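FYI, it's all coordinate maths here, none of it is from the lab. A quick note: this is a predicted structure, and the numbers were derived from the prediction, not measured. Backbone-built Cβ (ideal geometry, glycine too); neighbour counts: all protein chains shown.
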Amino acid sequence: MADSRFLVGNGAGFSGDRVDAPLPVLKTLIASGLPSAMFFETLGERTVALAHLEKRRDPNAGYEPMLERLLEPILALAQQNGIPLLGNWGAANPPAAARAVARLAMAQGLPDLRIALVEGDDVTGLVAGGQLPVHEADAGLDMGAWKLIAANAYIGAEPLVEALAQDADVVVAGRTSDPALAIAPLAHHFGWRLDDWDALALGAATGHLLECGSQVTGGVFWDPGFKDIPDPANIGFPIAEVTRDGGLVITKAANTGGLVDLRTIKEQLLYELHDPSHYITPDVVLDISQCRAEQAGQDRVALHNLRGHARPDTLKVTASFEGSWLGEGEVSVAGPNALARARATAEVLLQRMKIRGLDVRARVDLIGVASVHDSDHGALWRSYAGPEPEDIRIRLAVEAQSRDDADQASREVLALLCCGTAGTGGARWRVTPRILTRSHLVLRERVPTRVSVRTAKEIAG
């Protein structure tokens, strides 16, 4: 019989997360002496789209850019202690990610490291052929003028469990659901049936709480003077302790900052939930409507009364499109009368769009006065009557169908170094492709997954 307790640690909550975070988690798992696994969640909707664009540029790119930096400090230690590492690091190019892991393993003298490659989430052909219904929430989006980049289905835990059953040390996948990365090692360890809805709900809750990394241990929660956390420069990443009888405790890596309490748990538990009684994942529908959280010690919170319902027949698909361009330009004004100079500069920028006949949709923000909560028409910065700021950052943002229009518009901030008001400086600009996403649904049987497990030496050739 499998051990009655199992630990799941998280090493990343998004692409670009702290690369020094995984090692304290792994050390804590090892010190516990309990069977454990560790997962890395590095994908968002736009992350996958950007990865596909990178793959177009370079067929050996398109996977998590920090993959080697995340794994380098922990790969050998994890294998030596029998702790599998799972991640959706593959993004748009899981085979390339597997090769990167193999190269790293060979460099560390680990030729027998077993690497599982999980494929099948790319369903671009189905969307391109108009074979999938648009999810009701996105039915009104007109993508007729936009070019399809890629479409990826959110696959569940089943292929990940299969990989672990083949003794994989590292599991490399593309677009998985976030909770699946935690469900898989738990289902493998405890031998859960994939229709044991309450057991899978326990796994889904584990994954949901851990998926954003330090967001459940004080990150984002932190609000100095109102919600303080210790040692914020060293926030520890989360660990879940799961028991065979349905127990779940969330804690964090030892000797790290941050905190785990009822407030951090409740904030993360409700994160991204539209209906607490019906949180849909590919593996199970999670019901937290009767959930009870209990402080079980310092940096330990237990959760009770998690329930599950049958999984959906369909999987969510995120399709990414490119079509227009985003141009951004920024410049600063500072010192006495900065507000008047910033307002005048903003009006000049908007006038310049018209004078030059640039086909753009433009917005100006006065950062330090009004930006996040302002309208596209600048209603707040035009009416602002508060204290005079000492410095203001002026941001011009434009959308254009052509790259050249976006570039020419955003470059207008550069001209302000000589044509602008007194004390104007620090100009910068850039142009990037805009990406839009639309959700579709696909019957799960139309998304066959493939699992292959090979050693690092075999992959590296």
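May I ask you to order 276-282, 352-358, 378-384, 395-401 by the average number of other C-beta atoms within 10 Å around their residues, highest value first? Don't skip to the end; give the middle numbers.
Numbers: 276-282: 18.6, 352-358: 13.6, 378-384: 16.1, 395-401: 20.7.
Per-residue mean Cβ counts within 10 Å order the peptides as 395-401, 276-282, 378-384, 352-358.
What is the packing order of peptides 251-264, 142-155, taking the mean over residues of other C-beta atoms within 10 Å and listing the highest first? Mind dumping the intermediate values first?
On the way: 251-264: 20.2, 142-155: 18.6.
Top to bottom by mean Cβ count within 10 Å: 251-264, 142-155.
Restricting to Cα pairs below 8 Å that are 6+ residues apart, what does the relative contact order work out to for the range 323-437? Please round to a whole percent.
Working: 234 pairs, mean separation 53.6, N = 115.
The normalised contact order for the range 323-437 reaches 47 percent.
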| query | Per residue, what volume in Å³ does the convex hull of the Cα atoms of the range 323-437 enclose? | reply | 94 Å³
| message | Nothing charged except the Cβ atoms of Lys and Arg (+1) and of Asp and Glu (-1): what's the magnitude of the dipole of the range 323-437 about its Cα centre? Round to the nearest 20 debye. | response | 160 debye
| said: Report the per residue volume, in Å³, of the convex hull enclosing the C-alpha atoms of the chain. | reply: 169 Å³
| query | Using a basic spin-label model with each label point 7 Å from the Cα along Cα→Cβ, how many nm lie between Glu267 and Gln166? | reply | 4.1 nm
| field | Residues listed by number, the range 265-279, amide nitrogen under 14 Å from Glu45 label point at 7 Å toward C-beta | value | 272-274
| said: Give the aspartates and glutamates reachable from Lys457 as a straight Cα distance under 19 Å; neighbours fewer than 8 places away on the same chain don't count. | reply: Glu68, Glu72, Asp112, Asp167, Asp169
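Out of every Cα pair in the range 138-222, what percent are spaced more than 14 Å from each other?
On the way: 2489 of 3570 pairs.
In whole percent, the long-distance tail amounts to 70.
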| remark: Checking rank on 180-186, 96-102, with mean other Cβ inside 10 Å and highest first, the result is 180-186, 96-102
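Counting only C-alpha contacts under 8 Å and six or more residues apart, can you give the relative contact order of the range 56-137 as a whole percent?
Numbers: 53 pairs, mean separation 24.0, N = 82.
RCO, the range 56-137: 29 percent.
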| field | Relative contact order for the chain, counting Cα pairs under 8 Å that sit 6 or more residues apart, in percent | value | 19 percent
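222 nm [θ] for the chain, helices only, -39500 (n - 2.57) per DSSP H run of 4+, per residue, to 500?
Values: 15 runs with 140 residues, N = 461.
Computed mean residue ellipticity for the chain: -8500 deg cm²/dmol.
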